[in-house]
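Just below is one structure, and these are the notes that go with it.
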Amino acid sequence: MYLKNELEKIKSVNLEIDCKNLDLSCTNLLELIDIANEYNCKIISFCSSSSNTIVSSQSLGYMSHFIIENRSKNKFKIHDNTLIFPKTHFHQGTVRSGEYLYIPGNLLILGDVNPGAFVSAEENIIIWGRLLGIAHAGSKGNSQAKISALQLRPVQIRIADKVARGPKEKPQLGLAEQARIHSEEIIISPLDSI
Amino acid sequence: MATDTRVILICSGKGGVGKTTLTANLGISLARQGLSTAVLDADFGLRNLDLLLGLENRIVYTAQEVLEEECRLDQALVKHKQESNLSLLPAGNPRMLDWLKPDDMQRIVDMLKEQFKYVLIDCPAGVEDGFKNAMAASQEAIVVTNPEVSAVRDADRVIGLLNTNAIKPVQLVLNRVRPKMMANQEMLSIDDVTDILALPLLGLVLEDEEVIVSTNRGEPLTLNSVNSPAAKCYLNIAKRLQGEDIPLIDPLEESSGFGAKFRRLMQTKIF
């Protein structure tokens, strides 16, 4: 309601929405976008001090700014390009077909990555579940990045600029595997240590 | 009371998996148990629900006229010839696709909620506007799929969309199950499907040639051919929807058990 009143005053403008420390899901953000559209305003970015909100807004494809409040109550706004996130993102739940995750830093998924889903991280990807979709580690060029999963049977696997198809054989039960670059190729080996 | 009405979206992503057949048969089964049920055809582009229920020639007004306030809701509702507890709200003109918004769907469903205990929405295939509009007005969902890779992939996409729109509970119906193919591992097993989709299985429906016959006649299976395999499955689904705990048929038993073998022997022609 507050937003609607504000928007009535400033029609047809590009907006950046400050979400403070609220944890907002994609549905919440879409509602905000709908309200803005009613007033002919276009949201170009979201900023928030909640990492959940930033993840939601990134997965919707919007620019995101992470706000850190330090002790002296000065706010630092960190621009998208140099977003300093907690080093590892934790994603709980299965990533379903058609869902895309682009994460700076490491990515830890508690759940499966279903066929038709795409997850990408600038560093390593660890999946405590099955990788059946497409995973891209080292997305900005880090060829030291690795992809590990409890069951590694992806449609396609990518590390830095290398691409490989997933293995065809049925996986051995209880054998966690890891994919990494060795001699310019992606190889898959049993997971000995992370 | 309006708040007690269950509004259930029947969707699938992929086309041709059996949404409309399920909607028709589920509608009849619920109506037969004395529950006032409305079925709404949300596929304005390619409408089929009226054909399956055999009510095509009884349609005077459709959802379009109701929304444009050219007629009252009860003038548009078509009561089923034999099951008076079941009413159909026919889909409107395909031109409706140009202007229909989620709010319009919500208006129609709100009107239906006042009169019926169950509102079943037959969703169009795909994940485009038709699906989004239908989803906006629903509380729960039943995802229909076949034990086949492309159907499961599309169902997974749809479930993801239902989840981000807070539709719950979402349950699964596995349609067109062929026990023999499953036993020979030529078809995805039930576990294969539920592993990926991670949804509770509301029921499975066996592949049944009678479905084709019933569609052509406009008489849903659960109306007159209650003993056919698929009809029994639909009836079980209707009961489970209301909370009854009926064990699922094991398709592998269906194809190899003594009962099945005996049945097949009795059906083989000797001359």
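The values are calculated or read from the model by the stated rules, or taken from the named source; none is laboratory data. Not measured: the values here are computed from a predicted model. FYI the Cβ positions are ideal-geometry reconstructions off the backbone, even for glycines, and counts take in every protein chain you see. Heavy atoms of the whole protein, side chains included, go into the accessibility calculation; ligands, DNA and RNA do not. Shrake-Rupley method; radii C 1.70, N 1.55, O 1.52, S 1.80 Å.
Sort B:Met181, B:Met105, B:Met187 by heavy-atom solvent-accessible area, probe 1.4 angstrom, most to least.
Per-residue accessible area, sorted high to low, gives B:Met181, B:Met187, B:Met105.
Looking at B:Val60, B:Leu172, A:Gly105, which one has the Cα that reaches farthest to the positive end of the dipole of the protein assembly as shown (charges on Cβ: Lys, Arg +1; Asp, Glu -1)?
Result: A:Gly105, furthest along the dipole toward the positive end.
Listed here are the pairs B:Lys180/B:Lys239; A:Lys87/A:Lys162; B:Lys81/B:Lys132; which of them are more than 29 Å apart at the Cα? Please list the in-between numbers first.
Values: B:Lys180/B:Lys239 26 Å; A:Lys87/A:Lys162 24 Å; B:Lys81/B:Lys132 32 Å.
Checking Cα-Cα distances, B:Lys81/B:Lys132 exceed 29 Å.
Considering the dipole of the protein assembly as shown built from charges on the beta carbon (Lys and Arg +1, Asp and Glu -1) around the Cα centre, which of B:Pro90, B:Met105, B:Ala125 is farthest to its positive end?
Value: B:Ala125.
Suppose R0 equals 22 Å; then what is the FRET efficiency for A:Ser25 and A:Tyr102 from their Cβ-Cβ distance, rounded to the nearest 0.05?
Efficiency computed from Cβ-Cβ geometry: 0.80.
Which value does Rg/Rh take for region B:122-165 over its C-alpha atoms, Rh per Kirkwood?
Looking at region B:122-165, the ratio lands at 0.94.
Using θ = phi - 60° and the Karplus curve 6.51 cos²θ - 1.76 cosθ + 1.60, what whole-Hz ³J(HN,Hα) does each residue of region A:171-187 get, with Gly and Pro shown as x?
Residue by residue, region A:171-187 yields x, 6, 4, x, 9, 7, 10, 9, 10, 8, 8, 9, 6, 6, 10, 8, 10 Hz.
When a/c reaches 1.5 or more, the comparison of a/b and b/c decides; with that in mind, is chain B rounded, prolate or oblate per its Cα gyration tensor?
It comes out prolate by the Cα gyration axes.
Given Cβ point charges of +1 (Lys, Arg) and -1 (Asp, Glu) and nothing else, what value in debye, to the nearest 20, does the dipole of chain B about its Cα centre take?
Working: 29 positive and 37 negative charges, 150 e Å.
In debye, rounded to 20, chain B gives about 720.
Just from its helices, what would the mean residue ellipticity at 222 nm be for the protein assembly as shown, if runs of 4 or more DSSP H residues each count -39500 (n - 2.57) and the sum is divided by every residue, rounded to the nearest 500 deg cm²/dmol?
-9000 deg cm²/dmol
Which entries of A:Lys140/A:Lys168; B:Lys79/B:Lys117; B:Lys117/B:Lys168 show an alpha-carbon separation above 21 angstrom in the structure shown?
On the way: A:Lys140/A:Lys168 28 Å; B:Lys79/B:Lys117 15 Å; B:Lys117/B:Lys168 18 Å.
Violating the 21 Å Cα-Cα cut-off are A:Lys140/A:Lys168.
How big is the dipole moment of region B:56-173 about its Cα centre under a simple scheme where the beta carbon of each Lys and Arg is +1, that of each Asp and Glu is -1, and everything else is neutral? Debye, nearest 20, please.
Here region B:56-173 has a charge dipole of around 300 debye.
Using each residue's phi in region A:113-129, evaluate 6.51 cos²θ - 1.76 cosθ + 1.60 at θ = phi - 60° and report the 3J(HN,Hα) Karplus result to the nearest Hz, with x for Gly and Pro.
10, 6, x, x, 9, 9, 10, 9, 9, 6, 10, 8, 10, 10, 10, 8, x
What is the local net charge at A:Ile127, summed over the other residues whose Cβ is closer than 13 Å to its Cβ (Lys, Arg +1; Asp, Glu -1)?
Working: positive: A:Arg130, A:Lys146, A:Arg153; negative: A:Asp112, A:Glu177.
So the surrounding residues net to +1.
With the cut-off at 11 Å, report for region A:123-162 the share of all Cα pairs above it, as a whole percent.
When all Cα pairs of region A:123-162 are counted, 57 percent exceed 11 Å.
Enumerate the amide H contacts of A:Ile103 below 5 Å, restricted to partners 5 or more residues apart or on another chain; note that Pro and chain-start residues carry no placed amide H.
A:Ser120, A:Ala121, A:Glu122
Might you tell me the accessible area per residue for the protein assembly as shown, computed with a 1.4 Å probe and given in Å²?
Per-residue accessible area for the protein assembly as shown comes out at 52 Å².
What is the set of long-range amide H partners of A:Gly116 at a cut-off below 5 Å, with H atoms built 1.01 Å from backbone N?
A:Ile134
Tally the DSSP beta bridges in chain B and give the antiparallel ones as a percent, rounded to 5.
Counting only bridges with both partners in chain B, antiparallel ones make up about 5 percent.
Work out the length of the dipole vector of the protein assembly as shown about its Cα centre, built from +1 on the beta-carbon of each Lys and Arg and -1 on the beta-carbon of each Asp and Glu, and round it to the nearest 20 debye.
Working: 50 positive and 57 negative charges, 143 e Å.
The calculated dipole for the protein assembly as shown is roughly 680 debye.
Mind listing the long-range amide H neighbours of A:Leu24? Cut-off is under 5 Å, sequence gap 5 or more, other chains count too, H placed in the peptide plane at 1.01 Å from N.
It is A:Thr53, by chain and number.
For region B:1-118, rounded, prolate or oblate, judged on the Cα gyration tensor with a ≥ b ≥ c (square roots of eigenvalues), a/c < 1.5 rounded, else prolate if a/b > b/c?
Rounded shape, in that the Cα axes give a/c under 1.5.
Give the shape of the protein assembly as shown as rounded, prolate or oblate, defined through the alpha-carbon gyration tensor: a ≥ b ≥ c are the square roots of its eigenvalues, a/c under 1.5 means rounded, and otherwise the shape is prolate if a/b is larger than b/c and oblate if not.
Since a/c reaches 1.5 but b/c is at least a/b, the shape of the protein assembly as shown is classed as oblate.
Residues with beta-carbon under 14 Å from that of B:Arg157, excluding B:Arg157: net charge, scoring Lys, Arg +1 and Asp, Glu -1? Present the calculation step by step, with values, prior to reporting the outcome.
Numbers: positive: A:Arg96, B:Lys14, B:Lys132, B:Arg153; negative: A:Glu99, B:Glu128, B:Asp154, B:Asp156.
Charge balance near B:Arg157 sits at 0.
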